[in-house]
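The values are calculated or read from the model by the stated rules, or taken from the named source; none is laboratory data. Since the structure is predicted, the reported quantities are computational estimates derived from the model, not experimental observations. Quick reminder, even Gly has a Cβ in these numbers, built from the backbone with ideal geometry, and neighbours come from all protein chains shown. Surface accessibility is based on the protein's heavy atoms, side chains included, excluding ligands, DNA and RNA. Shrake-Rupley method; radii C 1.70, N 1.55, O 1.52, S 1.80 Å.
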Amino acid sequence: IKLFGQDVTMDTFKAQLRKMAPALRALGSTAEEAPLVIRGDKDCPFEHIRHVLAAIYDENITKVMFAAYEKKPSEEMK
């Protein structure tokens, strides 16, 4: 898991999410865009993403956006 560009364990992610949850919930209720963006790597097993989603759900954060990288023309031929 990367959080603000740093590799973190699931326990660290959950602890940081718990600290940020009130602000994320408040932003989610007022902002047009989701305050939390999840971007999964193509090689990441879904099980890991499921654990991240469960942690977000446990903190009652409901406004989340999923992002994906657009393939570069050179990648489309692979």
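Recomputing Rg/Rh (Cα atoms, Kirkwood Rh) from the coordinates shown identifies the correct label among (i) 1.03; (ii) 1.00; (iii) 0.96 as (i).
In sequence order, segment 39-45 has phi-based couplings of 10, x, 7, 4, 8, 7, x Hz under the Karplus curve 6.51 cos²θ - 1.76 cosθ + 1.60, θ = phi - 60°, and Gly or Pro positions carry x.
Using only side-chain charges placed at the Cβ, +1 for Lys and Arg and -1 for Asp and Glu, the dipole size of the chain relative to its Cα centre rounds to 120 debye.
Each of HIS51, ALA15, ALA34 was placed along the dipole of the chain (beta-carbon charges, centred on the mean Cα), and the one lying farthest toward the positive end is ALA15.
Give a quick list of GluC sites (Glu not before Pro) in the chain that DSSP marks as loop, anything other than H, G, I, E or B, with at most 14 other Cβ atoms within 10 Å.
On the way: sites: GLU32, GLU33, GLU47, GLU59, GLU70, GLU75, GLU76; in loops: GLU32, GLU33, GLU59, GLU70.
When the GluC sites (Glu not before Pro) of the chain are filtered for loop state and at most 14 Cβ neighbours within 10 Å, GLU32, GLU33, GLU70 remain.
Rounded to the nearest whole Å², what accessible area per residue is found for the chain with the 1.4 Å probe?
Numbers: 6460 Å² over 78 residues.
That works out to 83 Å² per residue.
Exposed loop sites are taken as chymotrypsin sites (Phe, Trp or Tyr not before Pro) in a DSSP loop (any state but H, G, I, E or B) with at most 16 other beta carbon atoms within 10 Å; the longest stretch of the chain without one runs 5-68.
Using Cα positions and a limit of under 22 Å, work out the lysines in reach of LYS72, with same-chain residues fewer than 8 apart set aside. The reachable lysines, counting only those whose Cα sits under 22 Å from LYS72, are LYS42. Mark the label point 7 Å from the Cα of PHE46 along Cα→Cβ and return the residues of segment 1-35 whose backbone N is within less than 20 Å of it. So the set is 1. Listed by chain and number, the aspartates and glutamates whose alpha-carbon sits under 12 Å from that of LYS19, ignoring those within fewer than 8 places in the same chain, are GLU59.
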